[in-house]
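J.: Quick one: this structure, given as structure tokens, is what I'll be asking you about.
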Amino acid sequence: MKLVYFAWVRERIGRTDEEVAVPDGIGTVAELVRWLRGRGEEYEYAFENEGIVRAAIDHVHVKPEARIAGAREIAFFPPMTGG
Amino acid sequence: MAHTIRIQAEPFDAAAETAALTDGRADIGAVVAFTGLCRDEDGRLAALELEHYAGMAEAEIGRIAAQAQTRWNLLGLTIIHRFGKIVPGEGIVLVLTASASRQAAFEAASFLMDYLKTHAPFWKREHLKDGLVGAWVEAKEADDRAAERWR
């Protein structure tokens, strides 16, 4: 599964994207975030404030409870500030 | 209904885009044009840099445009959103809505901007006059509330 990061989430994690093998039992975006936070302090830092970082699955906004099965690309980013 | 959605680094010409939208049309009675400009924050800013999620930006703006077309009887729609470095005075975003009479065009343009600000995957970062790269612009709760009122 491909993960992509934007803005300060990208800076905190220190990469734009990565391929990860998500273990069985990780069913939702929230569970994926919890798993990522255990991978190192850069992830802990990026996701330190629960509920701030937003997610999208295959280019569509999703909530933390969204299922990740079948996702090709999951993105994490701060609240948007375009327009 | 034909619509134009572009994500680009280059500046846009609001007058030329309006002409392109209305050229040869006798059914359009109202066009609302909204241009969002980069401001210098009291002389503090040298530029804004906009990062975007290529692929999702086009998809999400397309979904927002489709919602507007469902809610209002629009005869034309143009959305241009820039990315990259933008200096004060330059346009960041252009929304054009065309309809038979003003109400639909005004409301749809307002809805589109509220949704672009809170849903389109773009992030602004400040570049300061003294050459330093400044902070990421923080999302405003007022923008979330503005988008909420359309629900």
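Coordinate-derived values only; no laboratory data. Since the model is a prediction, treat every value here as computed from it, not as a measurement. Heads up, the Cβs are rebuilt from the backbone with ideal geometry, glycines too, and the neighbour counts pull from every protein chain shown.
J.: How long are the semi-axes of the ellipsoid equivalent to region B:1-84, from square roots of 5 times the Cα gyration tensor eigenvalues, in whole Å, largest first?
T.: 26, 17, 11
J.: Same structure again: What's the local net charge at B:Asn73, with K and R +1, D and E -1, over the other residues with C-beta under 15 Å away?
T.: Around B:Asn73, the surrounding residues sum to +1.
J.: Starting from the Cα of A:Asp58, step 7 Å along the direction of its Cβ; do the same at B:Arg63; then give the gap between the two resulting points in nm.
T.: In this crude label model, A:Asp58 to B:Arg63 measures out at 1.2 nm.
J.: For A:Arg37 paired with B:Arg6, estimate the spin-label separation in nm (one decimal), with each label point 7 Å from Cα along the Cα-to-Cβ line.
T.: 4.4
J.: Note down the nm distance, to one decimal, between modelled labels 7 Å out along Cα→Cβ at B:Asp23 and at B:Arg149.
T.: Result: 3.6 nm between the two label points.
J.: Separate question: Enter the Cα centre distance for the pair region A:52-83 and region B:1-65, rounded to the nearest angstrom.
T.: Taking the Cα centre of each part, region A:52-83 and region B:1-65 sit 24 Å apart.
J.: Another question, if that's okay. Ordered by residue, what ³J(HN,Hα) values in Hz, to whole numbers, does region A:42-55 give under the Karplus form 6.51 cos²θ - 1.76 cosθ + 1.60, where θ = phi - 60° and Gly and Pro are x?
T.: Karplus-based 3J(HN,Hα) across region A:42-55 equals 5, 6, 4, 5, 4, 10, 5, 9, 3, x, 7, 6, 9, 9 Hz.
J.: Something else now. Which net charge results when you count Lys and Arg as +1 and Asp and Glu as -1 among the other residues whose beta-carbon is under 12 Å from that of A:Val60?
T.: +1
J.: Then there's this: What does the net charge come to around B:Lys129 if you take all other residues with beta carbon closer than 15 Å to its beta carbon, with K and R at +1 and D and E at -1?
T.: -2
J.: At 222 nm, what helix-only mean residue ellipticity would the protein assembly as shown give, in deg cm²/dmol to the nearest 500, using -39500 (n - 2.57) for each DSSP H run of four or more?
T.: -9500 deg cm²/dmol
J.: In what order do A:Tyr45, B:Tyr115 fall by count of nearby beta-carbon atoms within 10 Å, going from fewest to most?
T.: Lowest to highest Cβ neighbour count: A:Tyr45, B:Tyr115.
J.: Also, quick follow-up: Considering the Cα positions of the protein assembly as shown, please state its Rg to one decimal place and its Dmax as a whole number of Å.
T.: 19.2, 62
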